[in-house]
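Note sheet for the following structure.
Since every read-out is calculated from the coordinates, none of them should be taken as a lab result. Keep in mind it's a predicted model, so treat the numbers as computed, not measured. All Cβ positions, glycine included, derive from the backbone under ideal geometry; neighbour counts span all protein chains shown.
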Amino acid sequence: MSDTEFRLVLSAVHVAFYLICFFITFRPIMTTFHLTLIMASIAFGIRPALSAIADSYTLYPTAGGTWAYESGMIYQFLFMFTYAVGYLIRYRSTWGNHVKIQLKPSKSGLVVSLLLGLGAVLAIHLLSHGLWLPTRRSQTLTSVVPFGKYLFPLAVIPLTMVLPLVFVRLQYKMTPLRLLVGALVVGVCVVLLSLLYQRGFILIGIILFLWMLDRLHRLSVKRAVTFGVAALVLLFTIRPVVNEVLTISRPTVDTHQDQNVPLRVTDFVRENILSKPNFDNADVWPVVIDFVKRNGELEGSGYLAVPLRFFSPSLRNELNVPTVVDTLNSYYWGESYWKTNFGFNVTMSQELYMNFGLIGLFLGWLPGLLTAVVDRYLSRLQTVRDYTLYVVFAGWVCGGFTSDTAGIVQWSVAILLFALLLRAVGRVRLTSGGINDSPASGKGGRLCADRS
C-alpha cells in the first residue's frame, strides 16, 4: 500500500468513527461533542484526504516526512477513541424528552456587552494609533497594542455575545424597527471581529444562536446541517472578504511561469486549501513527534505555565516558563515566534503526547467525561438569562476540551468573569428598583430580587 492510499484509508477510518459516534449520541443534536466530531472530521478526515491527492503536502514539513504525518493520525485516533468512551460514560439521550428553554432577556445585558466591546476596540485603536488594523501590523494584536493581552478578550468576548443577545431580544418582541437595529448592531460586531481576525468567535456566536433555536424549536437534522454548512462557508470566506475590502496586499510567489498553462487540481488544492492554516491539526502532529523524538517528554512540566497564560508571551519567555504552545512554536519557528507571536495551535491530544508520550493519549477519557458534563448542563438548562448565556458561551468555548489546557482555562475564566459582571449589573438594577420589560414581568413593573 502506497503512502497516498494509506493516508486515504486513515482519513476514511477517522470520518467513519466520528459518524458512528454522532449517530450514537444523536440527541441532543446541538452539543459540544458533536462540534468536536465535526471539527475532527475536517481536520483528520477531509484535510488529510486532500493532502493525499496533493502529493502528501504538509504545511509544516519535518524530517519525519509522511511517516510522522500518518503516525500523528493514528495517535489522534487513539485519543479520540478514549475521548468517546469517556463521553459515553456520562452521556444521556434526550429522545422524546425535549424541554423548551425560557428566555428572560434584559436591556442591560445587551447594552453592557455592546458598550464594553465597542469601548475595548476604541481603546485598542487609540493606544496603538491604528496599528491594530490588519493592514498595518505584522505581529499579533496582543503584541502591538499596549495592554493588548487584556483589551483583546475585553473586545472579543462581548462582541461575540451580541449576536445571541440580539436574538434573545428579538424573540421577546419582534418589530421591523427592532429587526433593522438588531441587524445593524450584529453587522457592526461581525465586521469588528473580522478586523480582529476572530472568525472562530463569529462561528461560536452563530452556534449559540443555533443552540437556542434548537432548545426553542428542536432543529431537524436538515436544518442543522444547512446552518452548519453555511457557518463553515462563512468561516472560510470572511477573512478573504475582509482582506479584499481593506485592500491588503501580501507578497505572493508565482509558481506558474506560463499563465497559459492550466492549473492542475492538485496545485489548486495545495495553493488554495492546504497552504492555509485552517484545521491544520494533522499538519502539526509531525512537529510534535519530531519534538518528542529530539527532546524527550515534558513529564508534566508543560502544565506549570498554565497560570501564566493570563500574561504576555514575553513575560513567559523572560521567566523561561513557556506553555506547551510556546514550547512547540519556539522549537519550530525559533526566535521569530517570540517576536511576532504568530504560530500554530496545539490540541489536547498533542499536549498529552508532549507531556507523557503514548500513555498520555489514553487519558482522553477525562476531557471526554468533562465534555459530557458540559453537554448535560446545556441540555438540562431551562431558564436563560443574559449572564446565563455567558456561562453557556464558556461551555462552547471549551470546544469539547480538545484544545490546549492553558487556552481553555484562560478563555473560560475570562468569559465567566463577564457572566459575574452581568449578574452584578442585574442585581444593581434590582436593588435600585428598575423597570423590567422582560417576558416574565408582562408590560413592566417593579422587579423582585433574583434568587436563582
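A compact table of results
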read-out: Which of Q382, S194, L126, positive extreme of dipole for the chain (C-beta unit charges); value: Q382
read-out: Residue-count net charge about L114 - beta-carbon cut-off 15 Å; Lys, Arg +1, Asp, Glu -1; value: +2
read-out: Angle in degrees between helix 148-172 and the longest Cα principal axis of the chain, rounded to the nearest 10; value: 50 degrees
read-out: Ranked K100, K107, criterion: other C-beta atoms within 10 Å, fewest first; value: K100, K107
read-out: Share of Cα-Cα pairs in segment 85-173 lying beyond 22 Å, as whole percent; value: 51 percent
read-out: Loop chymotrypsin sites (Phe, Trp or Tyr not before Pro), segment 84-128 (other Cβ atoms within 10 Å of the site Cβ: 11 or fewer; DSSP); value: W95
read-out: Label point distance in nm, S2-T226, each placed 7 Å from Cα along Cα→Cβ; value: 4.1 nm
read-out: Helix axis angle, 65-90 relative to the chain longest principal axis, alpha carbon, degrees; value: 30 degrees
read-out: Gained length - T266 relative to V373, 0.36 nm times residue gap less alpha-carbon distance; value: 34.3 nm
read-out: Dipole of the chain, positive end: most advanced residue of G302, T94, L35 [Cβ charges, Cα centre]; value: T94
read-out: Separation between Cα centres of segment 261-290 and segment 341-419, rounded to whole Å; value: 27 Å
read-out: Gain in span if fully extended, V99 to Q171, counting 0.36 nm per residue against the direct Cα distance; value: 24.2 nm
read-out: Segment 358-409 - Rg (one decimal) and Dmax (whole number), Cα, Å; value: 12.8, 43
read-out: Unit charges at the beta carbon, dipole of segment 35-184: most positive-side option, L154, L115, F77; value: L115
read-out: Peptide ranges 302-310, 225-233 listed from the most packed, as the mean C-beta count within 10 angstrom indicates; value: 302-310, 225-233
read-out: The chain: angle of helix 3-24 to the longest principal axis, Cα-based, in degrees nearest 10; value: 20 degrees
read-out: Size of electric dipole in the chain: Cβ of Lys, Arg +1 and of Asp, Glu -1, about Cα centre, debye, nearest 20; value: 2500 debye
read-out: Over the chain: Kirkwood hydrodynamic radius from C-alpha pairwise inverse distances, Å; value: 23.6 Å
read-out: Burial ordering of H34, H125, H14, H217, fewest other beta-carbon atoms within 10 Å first; value: H217, H125, H34, H14
read-out: When each of K149/K276; K149/K173; K100/K276; K100/K149 is checked by Cα-Cα distance, pairs over 32 Å; value: K149/K173; K100/K276; K100/K149
read-out: Rounded to the nearest 20 debye, dipole of segment 1-133 from Cβ charges on Lys, Arg, Asp, Glu; value: 920 debye
read-out: Helical contribution to [θ] at 222 nm, DSSP H n ≥ 4, -39,500 (n - 2.57), averaged over the chain, rounded to 500; value: -21000 deg cm²/dmol
read-out: Magnitude of the charge dipole, segment 260-409, Cβ model with Lys/Arg +1 and Asp/Glu -1, debye to 20; value: 300 debye
read-out: Highest-first arrangement of 128-139, 69-80, where packing means the average Cβ count within 10 Å; value: 69-80, 128-139
read-out: Mean shadow area of segment 1-96 over all directions, Cα convex hull, nm²; value: 6.6 nm²
read-out: Kirkwood-based Rg to Rh ratio, segment 41-150, C-alpha trace; value: 1.17
read-out: Proxy reagent accessibility, fewest Cβ within 10 Å first, across F356, F393, F6, F268; value: F268, F6, F356, F393
